[in-house]
Amino acid sequence: MKNIWTIAKKELRSHITSPIASVVVAVFLVLSGFFIASLNRWFNVLSLQVAQTPTYYNQHNINQQVFAPLFHNMSIVLLLIIPLLTMRLFAEEKKIGTEELLFTSPLSVAQIILGKYLASLLVLLGMLILATLPVGFAFLFGNPEVLPFLTGFLGLFLMGAAFIALGIFFSSTTENQIVAAVLTFGSLLLFWIINWASASASGFWKGVLDYVSILQHFDNLTQGILDTTDVVYYLSFVFLGLFLTHAVIQSRRWR
Amino acid sequence: MIAVSGLTKKYGELVAVRDLSFRVEQGKIWGLLGPNAAGKTTTMRILTGFLPATEGTASVGGLDIFEKPNEVKRILGYLPEILPLYPDMTVSEYLAFVAAVKQVPSPRRREAVEKSVRTTGLDTVKGRLIRNISRGYKQRVGIAQALIHDPQVIILDEPTIGLDPAQIIEIRSLIKSLRGERTIILSTHILAEVTQTCDGVVIINEGRLMASGSLEELTAAVRTSDGAILRVRRDSAAAAERLRSVPGVDAVSPAEDGLRLEWKPGLDPRDEIVRRCLDGGFGVLEMRPLALNIEDLYLRIVTGGTEQ
């Protein structure tokens, strides 16, 4: 664990000093702020209208009408920016020659991968916490349900964690950061839209396509439904990404 | 200290290192010499655990590098050909990171960083970002990271490449200052580096071992005659004629800076040569042994294909 933390600390430092990470986080915060402000404004207008029609009053819910769409919008931004955060992780080490330092040190490849992964997770977590801070006002002055908010946040975090695992994998396959980013983005987009094909599929394949879709599992969590299937899906995604990274690095050295 | 036996590395069809065997004794500086693409870097990468070998065994400090890679990595310092530096770190931050990665216990890390900074003369730049220091200092940082955990064995891949002459001299004297305490292998294709820095040499070409041993041993092995270069004060053509009749002298030929005299190993007709020069009134400005230099040695071994 100490070795993982050594790598994680160094990676965190690189994230903080790297202009790419700063710009990426800043863009995410600005966009999230915009989403919160506009959804809030829309919800206020809606509240005034609903107040005059008691029939709809009970269906009027900030969790459903602000937080769920907010998490969805944020997840789309994550899809775009996570590849930019992860593209550097191994591609840069390979390009500048520092991988020889890492792989000739008494650290295991798994420790190096986990250190880098942990650092990126912490950046993601910090970014999500900062981005959702303004939502605190809703809790301060209103009474939204906490649990659906937390499951939504967890969903966003798990989705980001899965994106990072795939990003690390593609970063380990090349020394070109742009190539790594494009491959990550393309693959994530495919996992995002794969359930479009399930509309025309049936039986076993429909089940498979629905299960593989990233979005399908996210929907449940934003609705406040904490289903272990969804959590297991994201954790499997993470495991697979990291496992493939390990395999790529080992196979390159054995070739 | 370092023993390599039957080491072979194949990249698909390409054989980078072929059945390589050599030994380096403790406390010595040994050169791994060969032309570009001879297999030097591959050999070093295998010894450091960066690459696995296809066949063969190797041990460092008595530890098998394939069975106990982590133990070997703890006693081994490595400077790769491409300096493994993070440009956005300061020299001190970088060395502290390497110390942690090399598992120097945390209470001793600060001391380890200071010691390697002192040894490699980095005091004036230790607070600067690596991206902003000169090539010579970057090379020193590379060597400092290889020394940080006080390794018993140091492997340096082309340690003076890309440096200016003054920096080359500095780095060579730094490497020489490490002699005795540590066993060092350095790779180079610069012949002078071997004569000026190393106790012995392993010469490889196209992945094969061509020769290995101390410089004296190798020179003796390929030498077929002894001789001297003689500079006379006047009339060297006539002097050459007179010296041909000296007993034991096989050949006298004009050389770039005097006369080249050769005789069979074991004979030493130098007294008689000087006497005849003085008696004949040619005078003597200089006589120096015709040492087989490293260039001759290298060319004979590599281009002649002589396996020793």
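The values are calculated or read from the model by the stated rules, or taken from the named source; none is laboratory data. If you're wondering where the values come from, they're calculated on a predicted model, not measured in any experiment. Here the Cβ is made from the backbone with ideal geometry for all residues, glycine too, and neighbour counts use every protein chain on show. These accessible areas exclude ligands, DNA and RNA; they are computed on the full protein's heavy atoms, side chains included. Shrake-Rupley method; radii C 1.70, N 1.55, O 1.52, S 1.80 Å.
Couple of notes before you dig in:
- With both labels modelled 7 Å from their Cα along Cα-to-Cβ, the B:Gln152 to A:Ala26 distance reads 5.3 nm.
- Counting charges near A:Trp5 (Lys, Arg +1; Asp, Glu -1) among other residues having Cβ under 13 Å from its Cβ returns a value of +4.
- The distance from the alpha carbon centre of segment B:1-21 to that of segment A:182-241 is 47 Å, rounded to a whole number.
- Peptides ranked, highest mean first, by Cβ atoms within 10 Å: ranges B:135-145, B:50-60: B:135-145, B:50-60
- Peptide A:102-114 shows a mean partner chain C-beta count of 5 within 10 Å per residue C-beta.
- Here the contact order of chain A, divided by its residue count and restricted to Cα pairs under 8 Å and six or more residues apart, works out to 26 percent.
- For B:Lys28, the shell of other residues with beta-carbons less than 9 Å away shows a net charge of -1, using +1 for Lys and Arg and -1 for Asp and Glu.
- Per-residue mean of C-beta atoms belonging to partner chains within 10 Å, peptide B:78-87: 5
- With the convex hull of its Cα atoms as the shape, segment A:2-254 has an orientation-averaged projected area of 16.0 nm².
- Taking all protein chains as they are arranged and a probe of 1.4 Å, the heavy atoms of A:Lys9 leave approximately 110 Å² accessible to solvent.
- Net length available on complete extension from A:Arg253 to A:Lys206 is 13.0 nm, with 0.36 nm assigned per residue and the Cα-Cα distance removed.
- Efficiency of FRET from Cβ geometry, A:Gln216 and A:Trp42, R₀ 22 Å, rounded to 0.05: 0.25
- Rg/Rh, computed from the Cα trace of segment B:204-244 with Rh as the Kirkwood radius, has the value 1.30.
- Average other protein chain Cβ within 10 Å of Cβ, residues B:63-70: 1
- Accessible area buried between chains A and B, both sides summed, probe 1.4 Å, in Å² to nearest 100: 2400
- The distance from the alpha carbon centre of segment B:61-129 to that of segment A:104-155 is 33 Å, rounded to a whole number.
- Around A:His217: net Lys/Arg minus Asp/Glu count, Cβ-Cβ under 12 Å: -4
- Were the residues from B:Ile190 through B:Thr124 laid out at 0.36 nm apart, the gain over their Cα-Cα distance would be 20.8 nm.
- Among B:Leu297, B:Leu230, B:Leu33: highest mean-square fluctuation, GNM of chain B, C-alpha pairs under 10 Å: B:Leu230
- Only protein heavy atoms count here; under a 1.4 Å probe, B:Met1 has an accessible surface of about 40 Å².
- Angle in degrees between helix A:203-212 and the longest Cα principal axis of chain A, rounded to the nearest 10: 80
- When the convex hull of its Cα atoms is projected in every direction, mean area for segment B:225-291 (nm²): 3.8
- Taking 20 Å as the cut-off, the amide N atoms of segment A:215-255 that come nearer than this to a point 7 Å along the Cα-to-beta-carbon line of A:Ala110 belong to A:235-254.
- Surface composition of the protein assembly as shown: carbon plus sulfur atoms contribute 59% of the solvent-accessible area (1.4 Å probe, protein chains only, all chains present).
- Probe 1.4 Å, protein heavy atoms only - accessible area per residue of segment B:2-220 in square angstrom: 40
- The protein assembly as shown: translational diffusion in µm²/s, Stokes-Einstein, Kirkwood Rh over Cα pairs, 37 °C, 0.692 mPa s: 115
- Residue-level accessible surface for B:Ile169, protein heavy atoms, 1.4 Å, Å²: 110
- Each peptide in A:85-91, A:192-198 receives the mean, over its residues, of other Cβ atoms within 10 Å, and ordering these scores from highest gives A:85-91, A:192-198.
- Looking at segment A:2-254, the accessible area is 46 square angstrom per residue; that uses a 1.4 Å probe and ignores ligands, DNA and RNA.
- Panel note: the C-alpha atoms of segment B:2-220, placed on their principal axes, show extents of 45, 38, 33 Å (largest first).
- Shown in residue order for segment B:182-191 are the 3J(HN,Hα) couplings computed by the Karplus curve 6.51 cos²θ - 1.76 cosθ + 1.60 at θ = phi - 60°: 10, 8, 10, 10, 10, 9, 6, 10, 9, 5 Hz (x for Gly and Pro).
- If the segment from B:Asp250 to B:Ala220 were pulled out straight at 0.36 nm per residue, it would be longer than the present Cα-Cα gap by 8.9 nm.
- Distant-in-sequence amide H partners of B:Thr8 (H built 1.01 Å from N, under 5 Å): B:Asp19, B:Leu20, B:Thr54, B:Glu55, B:Gly56
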